[in-house]
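Undergrad: My structure is below; once you've seen it, I'll send some questions.
The values are calculated or read from the model by the stated rules, or taken from the named source; none is laboratory data. Model, not experiment: these values are computed from the prediction. Cβ sites come from the backbone with ideal geometry, for glycine too, and all protein chains shown count toward neighbours. Remember, those area values only see protein heavy atoms, side chains included, never the ligands or the DNA or RNA. Shrake-Rupley method; radii C 1.70, N 1.55, O 1.52, S 1.80 Å.
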Amino acid sequence: MTLKPTALAGLALLLAASGALPAQESPESGAPGQEKPRESWAAESRPVAVSRTPGQVVIFDEDDILRSGARTLGEFLLRELPSQVQSQGGPGLPSRIYLGGSRPQDTLVTIDGMPLMDPGRLGQDLSEVPLLGITRIEVITGSPSSGASGQGGTLALFTGKPPRPGVSGDLGGLGGNNGQGQGTATPGYAWEGGYLRGGNLSAEEKQAVPTDRPYRQVTNFLGLGQRWGSATWSLAWRGTAFGVPEPYQEVSDTLRIYNPSRESRQRSDSGQLRLDWDLGRGMAFEMALGLARFRHEQPPVGSATPTAFEGRDTRFQSALHLRTGSRSSLSLRLDGQDLRQDGDLDPAITGLAKGTQVGLGLEWRFEPRPGTCLLGQARATQDRQNLDLGGSGTEVLRASGHTLRLGINQELGYGLRLYAAGGSGRTAPALLEQFRNSLVPGTAPLRMEQVTFFQVGLGWGRGAWYGRLESQQQTGKDLVGPSGLTYANQDRVRVRGTDAAFGWRSAKKLGVEAFLRTQEARDLNAPDGQQYRTAASQRRPFSSHGIRGFMGWSHVQTEVHYTLQGHQYSSFGDGGGRAAANGLPPVIRATQVVYRDMGMSTTVTAGRHWTFVLRGEHLLQPRTSADQWLTASREGQNDAYIIDGYPAAPPSYSMEARFRF
């Protein structure tokens, strides 16, 4: 018997109110019992308490990442942001984020403040962002001052430093079913004013269905920092190689081809040089230079032969922060970006695509009275995009863009705060979309996209209790979307989302949280009755909800989570809404199944050095064989798929041991 989503939501809220199950720390109120409230490092230009910025910020620390056992950002957020992150199933397969219901390309991923963007992807694939060395993750909704547009938000990742002077670090090993094996080493050394830290992760796991080779990942990173006087220099490098089995060679309503030897390989290298300089008298300066290279060997849909393509991203950004009074501050930003994409997943697309952007931004913060904060953000850009096809260069876009946002945060007393923000943006289409349109001669160049957005929220935290309620809406004009074999500027698309959570926690011993999320993306240009049935509307479940909790003793802590992702409209497989090779448009249809997920972990601390974590994930999912996939015998069954045509990851059990020195 399948319970209705509304019934499960009510049950989850009832359990939360009664404290029948455990949960996480409230990101809204911070950790009860701590004198200093939790700060966001990415919601604004300077660190700010999460309860004093006009937006929603969720913070995950190093312990949260350790308990999850996630190797990549996609694995972690698939559990923490159900329905807003969707994966094609097994390890390494694409994971895309629809934060607040927006498109994947509208959410920015940053590492230590530097944006990370693979030009060969329409939105960063979160399964290609490793978490080795990451000690903090912030999820920020509606933060266009740092993002690519006024929609979505920011996923901000931060690397850590050695915790104390001298030698420190940890060694870890993991084993489990599905051929899981993993080893990590993150040594570090700190001295007065400086540090050196590095790490390595090597892991493998069987795919969700049998394949010739397992999923493989190798990640290395190195970080170096030194303070001289009032200035701090830091240098960081990160390199990752993936081997990802993709046996689903053809996925359609009428044809399925299973190829156990088919796989993709990716390699990425990124580096950053950064300067933070305290100029005194309320002035600070920061500057960063970032370089990233993404190399892919990936077979397109319907083929077993990999296509090689490569993208590069070079960025420069600087900021001057000024304290203009006891209750006001100003930040000025100058940044530049150069993107290059050589080739594409489609082997018929050859040549080179280039894009440049120069941006100038301003952020003003003012507190007219205690408990009231006004935040104004503005950014102007100059964009240029070129295609070099067969030695002939063509400029396809030269235009100016902007992003404007005004927000207010009001503390109401009794642990309550009210916030609201709104604005507009005019942003460039993705370089990859222009590049793919070059395959069809005569296709009109894409125009700038326009969007307006608004969010309003209520947060509450008092004692051990906390809650939040937030709603947001984005309306787009000329948004770029698939149109047959090409991309085109579409007319009106409206995205709405509402998020609510309620919880209770007692220090680090016991806690519970329940959440409920609704969202929709509606194509307002479509006829009545068809507004959910276009490519602009797919991949947004109408509702999702869940409950999580934890219970701890002196050296043991157990965490449990359960979520349900409801019905949605989507195309079969994951073609992104683009037409098939025969030119026929995809069929967008309502799915009549739900996806329920349950997992748990138990962490045992043994003395000063040893930590053991026992995990069980995807406990409700059935295991799918190759024959079952070929015959589509599990199609239409609950919990077997997140995205139609791609089996969900099967139950996973593992034990990890870590030694800290």
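Undergrad: Which far-off residues, 5 or more places away or on another chain, put their amide H under 5 Å from the one on ASP644, with H placed in the peptide plane?
TA: For ASP644, the qualifying residues are GLY573.
Undergrad: Only helical DSSP H runs with n ≥ 4 go in: add -39500 (n - 2.57) per run for the chain, normalise by residue count and round the 222 nm mean residue ellipticity to 500 deg cm²/dmol. Please report the intermediate quantities before stating the final value.
TA: Values: 5 runs with 41 residues, N = 661.
Using -39500 (n - 2.57) per qualifying helix, the result is -1500 deg cm²/dmol.
Undergrad: A follow-up question, please. About the Cα centre of segment 489-648, how large is the charge dipole given +1 on each Lys and Arg Cβ and -1 on each Asp and Glu Cβ? Please answer in debye to the nearest 20. Walk me through the numbers on the way to the answer.
TA: Details: 19 positive and 14 negative charges, 102 e Å.
In debye, rounded to 20, segment 489-648 gives about 480.
Undergrad: Let me ask something additional. Compare the Cα positions of MET287, ALA353, VAL50 along the charge dipole of the chain (+1 at Cβ of Lys, Arg; -1 at Cβ of Asp, Glu; about the Cα centre) and return the one farthest towards the positive end.
TA: Value computed over the given set: VAL50.
Undergrad: Can I ask one more? Each residue of segment 354-366 in order: what ³J(HN,Hα) in whole Hz does its phi give by Karplus 6.51 cos²θ - 1.76 cosθ + 1.60, θ = phi - 60°, with x for Gly and Pro?
TA: Each residue of segment 354-366 in turn: 10, x, 10, 8, 10, x, 10, x, 9, 10, 10, 10, 9 Hz.
Undergrad: Another question about this same structure. Ordered by residue, what ³J(HN,Hα) values in Hz, to whole numbers, does segment 185-199 give under the Karplus form 6.51 cos²θ - 1.76 cosθ + 1.60, where θ = phi - 60° and Gly and Pro are x?
TA: Using θ = phi - 60°, the values come out as 8, 9, x, x, 9, 10, 9, 4, x, x, 7, 9, 9, x, x Hz.
Undergrad: Moving on. For labels at SER392 and ASP278 in the simple 7 Å Cα→Cβ model, what's the distance in nm?
TA: Spacing of the two 7 Å Cα→Cβ label points: 5.9 nm.
Undergrad: Residues with beta-carbon under 9 Å from that of ALA241, excluding ALA241: net charge, scoring Lys, Arg +1 and Asp, Glu -1? Present the calculation step by step, with values, prior to reporting the outcome.
TA: Numbers: positive: ARG216, ARG265, ARG267; negative: none.
Overall, the nearby charge balance is +3.
Undergrad: Taking K and R as +1 and D and E as -1, what net charge do the other residues with C-beta under 15 Å from the C-beta of THR427 add up to? Don't jump to the answer; show the numbers that get you there.
TA: Working: positive: ARG103, ARG379, ARG384, ARG398, ARG405, ARG426, ARG447, LYS477; negative: ASP106, ASP335, ASP383, GLU433, GLU449, ASP478.
So the surrounding residues net to +2.
Undergrad: What's the carbon and sulfur percent of the chain's accessible surface, probe 1.4 angstrom, rounded to a whole number?
TA: 58 percent
Undergrad: Near the amide H of ALA49, under 5 Å away, which other amide H atoms are found, from residues 5 or more places off or on another chain, if H is placed in the peptide plane?
TA: Under 5 Å from the amide H of ALA49: SER40.
Undergrad: Name the aspartates and glutamates eligible as straight-distance cross-link partners of LYS354: C-alpha to C-alpha under 16 Å, and not fewer than 8 places from it in the same chain.
TA: ASP118, GLU310, ASP313, ASP338, ASP342, ASP344, ASP383, ASP388, GLU395, GLU433
Undergrad: Shifting gears a bit: Rolling a 1.4 Å sphere over the protein heavy atoms, what is the accessible area per residue of the chain, to the nearest Å²?
TA: Values: 27140 Å² over 661 residues.
Computed with neighbouring chains in place, this is 41 Å² per residue.
Undergrad: Let me ask something additional. Could you give the dipole magnitude of the chain about its Cα centre, charging the beta-carbon of Lys and Arg +1 and that of Asp and Glu -1, in debye to the nearest 20? Don't skip to the answer; put the middle values down first.
TA: Details: 69 positive and 63 negative charges, 249 e Å.
Using Cβ point charges on Lys, Arg, Asp and Glu, the chain gives about 1200 debye.
Undergrad: Net charge near GLY123, counting Lys/Arg +1 and Asp/Glu -1 over other residues with Cβ under 12 Å of its Cβ? Mind showing how you got there, number by number?
TA: Working: positive: ARG96, ARG103, ARG121, ARG539; negative: ASP106, ASP118, ASP125, GLU128, GLU433.
So the environment of GLY123 carries a net charge of -1.
Undergrad: Give the peptides 637-648, 536-547 in descending order of average Cβ contacts within 10 Å, highest first. Could the numbers behind the result be given before it?
TA: On the way: 637-648: 21.2, 536-547: 23.6.
Answer by packing, highest mean first, reads 536-547, 637-648.
Undergrad: Of the listed values (1) 18, 56, 25, 1; (2) 19, 51, 26, 4, 0; (3) 16, 38, 27, 16, 4, 0, grab the one calculated as P(r) over Cα pairs in 20 Å bins from 0, in percent from the structure here.
TA: Read-out from the structure maps to (1).
Undergrad: Let me ask another. Want the number for ARG227 to ALA590: 0.36 nm per residue separation, take away the alpha-carbon distance, what's left? Display every interim value, and only then the final one.
TA: Numbers: separation 363, 0.36 × 363 = 130.68 nm, distance 5.69 nm.
Result for the pair: 125.0 nm of gain on full extension.
Undergrad: Among TRP228, TYR653, SER424, whose Cα sits farthest toward the positive end of the charge dipole of the chain (+1 at Cβ of Lys/Arg, -1 at Cβ of Asp/Glu, about the Cα centre)?
TA: Positive-most Cα among the choices belongs to TRP228.
Undergrad: Follow-up question, since we're still on this one. Could you tell me which residue out of GLY599, LEU630, THR558 lies farthest along the dipole of segment 509-657 toward its positive end? Charges go on the beta carbon: Lys and Arg +1, Asp and Glu -1, centred on the Cα centre.
TA: THR558
Undergrad: Please give the peptides 204-212, 161-169, 80-88 ranked by average Cβ packing (other Cβ atoms within 10 Å per residue), highest first, as a rough proxy for protection.
TA: On the way: 204-212: 19.9, 161-169: 13.9, 80-88: 23.9.
Listed from highest to lowest mean packing, they are 80-88, 204-212, 161-169.
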